[in-house]
Amino acid sequence: MNVSLYQSAAAMNANARWQDMVSENLASSSIPGARGRNISFSSVQANSQFVIPAANTSINFQPGELRSTGNPLDFALEGKGFFEVQLPNGEHAFTRDGEFHLSAQGQLVTKQGYTVLGDGGPLQMDPSNAHALAISATGEVSQGGDVKGKLKLAEFDNPQLLTVLGSGMFRADNPNLQPSIAPSTQVRQGFIEASNISTTSQMVSLITAMRAFEANQKVIQMQDDRMGRTITDLGTPT
């Protein structure tokens, strides 16, 4: 068995995953509250003779920078919590993207049109009320002095178990993962949390991954040429 051939092929596969991850990070870098992925490499024992490189990904849940927008329908979270929203199929999802607006029916919704949930269900505003929406640091929503409910904020002991849906959304599919109330999370009105993805570092990672992929590709080509010469030599009578 050609050990170096298998090792290089495994390394190319790991580097391809790295490039895919970087591409996903770059695509999500402009989404408010988006969380980037990290990758780590390790050696896996393939059999008693050799090990191969493997790539493992995880989600970076470090907070992003809070940016002032002055828009009363922009909300940012300080703490580990998530906004809870309802998807069109009725399932619940979780996001840090607080770039909300009011629907024609007066419900608070995400920019994708998903319903933002309060403790008592969808947050319903009065479309005929000209007063702006206001929110307290603990999530109580009011309109012209009328309390409309409280944002449903969720926190997870192990957010790494969340399922990534894309567009800054997550779902709690794992049965061992249950959302809990996030008492330490505070809401900032008129702010948006930027993604925690650095486009500069991602571009550096992309170049590094591409070069590593090309280096392993050259190793495979060298091994292929060597085996070809060996077969030719063995098949040529002297």
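With a 1.4 Å probe and every protein chain kept in, tell me what percent of the accessible surface of the chain is carbon plus sulfur. Intermediate results must be reported in sequence, preceding the final value.
Details: 6680 of 12970 Å².
Roughly 52 percent, rounded to a whole number.
Tell me the label-point distance for the pair Ser136, Ala16, using the 7 Å Cα-to-Cβ offset, in nm and rounded to one decimal.
5.5 nm
Quote the relative contact order of segment 7-118 in percent (integer), defining contacts as alpha-carbon pairs under 8 Å separated by 6+ residues. Could you put the intermediate results ahead of the total?
Working: 152 pairs, mean separation 22.2, N = 112.
Relative contact order here is 20 percent.
Which one, Thr163, Asn71, Ala11, is farthest towards the positive end of the dipole of the chain when Lys and Arg carry +1 and Asp and Glu -1 on their Cβ?
Most positive-ward Cα: Ala11.
Below 18 Å, Cα to Cα, which lysines can Lys111 reach? Residues fewer than 8 away in the same chain don't count.
Candidates past the 8-residue exclusion: Lys152.
Output needed: percent of Cα pairs per 10 Å distance bin for segment 54-178, bins running from 0 to the one holding the longest distance.
For segment 54-178, the pair-distance distribution reads 12, 43, 32, 10, 2, 0.
Placing unit charges on C-beta atoms (Lys and Arg positive, Asp and Glu negative, everything else neutral), compute the dipole magnitude of segment 122-238 about its Cα centre in debye, rounded to 20. Don't skip to the answer; put the middle values down first.
On the way: 9 positive and 11 negative charges, 27 e Å.
So the magnitude is around 140 debye.
What are the residues whose amide H is under 5 Å from the amide H of Leu165, where those residues sit 5 or more places off or on another chain and H is modelled from the backbone?
When sequence neighbours closer than 5 places are left aside, the close amide H contacts are Phe170, Arg171.
Determine, from the Cβ-Cβ distance of Ile59 and Val219 and an R0 of 22 Å, the FRET efficiency 1/(1 + (r/R0)^6), rounded to the nearest 0.05. Don't skip to the end; give the middle numbers.
Details: r = 32 Å, r/R0 = 1.44.
Efficiency at R0 = 22 Å is approximately 0.10.
For the pair Arg171 and Asp146, what calculated FRET efficiency results from E = 1/(1 + (r/R0)^6), where r is the Cβ-Cβ distance and R0 = 41 Å, to the nearest 0.05? All intermediate terms of the calculation are to be shown ahead of the outcome.
Working: r = 33 Å, r/R0 = 0.79.
Computed FRET efficiency for Asp146 and Arg171 comes out at 0.80.
Report, to one decimal in Å, the Kirkwood hydrodynamic radius for segment 55-111 based on all distinct Cα pairs. All intermediate terms of the calculation are to be shown ahead of the outcome.
Working: mean 1/r = 0.0745 Å⁻¹.
Computed over segment 55-111, the radius equals 13.4 Å.
Could you calculate the contour length gain from Asn158 to Ile231, that is, 0.36 nm times the residue separation minus the distance between their Cα atoms, to one decimal place in nm?
Values: separation 73, 0.36 × 73 = 26.28 nm, distance 5.40 nm.
Result for the pair: 20.9 nm of gain on full extension.
How large is the dipole of the chain about the Cα centre if only Lys and Arg carry +1 and Asp and Glu carry -1, each at its Cβ, rounded to the nearest 20 debye? Don't skip to the end; give the middle numbers.
Values: 16 positive and 21 negative charges, 94 e Å.
So the dipole magnitude of the chain works out to roughly 460 debye.
Which angle from 0 to 90°, rounded to the nearest 10, does the C-alpha axis of helix 199-235 make with the longest principal axis of the chain?
With rounding to tens, the tilt is 20 degrees.
Could you derive backbone 3J(HN,Hα) for segment 176-182 from the dihedral phi with the Karplus parameters 6.51, -1.76 and 1.60 (θ = phi - 60°), listing whole Hz in sequence and x where the residue is Gly or Pro?
Residue by residue, segment 176-182 yields 8, 10, 10, x, 10, 4, 9 Hz.
For semi-axes √(5λ) of the Cα gyration tensor in Å, which listed value, (i) 36, 22, 17; (ii) 26, 24, 18; (iii) 51, 17, 14, comes from the coordinates shown?
(iii)
What's the FRET efficiency of Gln178 with Leu87 using the Cβ-Cβ distance as r and R₀ = 25 Å, to the nearest 0.05?
Numbers: r = 18 Å, r/R0 = 0.73.
Here the calculated transfer efficiency is 0.85.
Given points 7 Å out from each Cα along the Cα-Cβ axis, report the Ala27 to Ser40 separation in nanometres with one decimal.
Output for this residue pair reads 2.6 nm.
The values are calculated or read from the model by the stated rules, or taken from the named source; none is laboratory data. In this text the structure is predicted, and so the values were computed from the model without any measurement. Glycine gets a Cβ as well: all are built from the backbone with ideal geometry, and neighbour counts include every protein chain shown. These area figures cover heavy atoms from the full protein model, side chains too; ligands, DNA and RNA do not enter into them. Shrake-Rupley method; radii C 1.70, N 1.55, O 1.52, S 1.80 Å.
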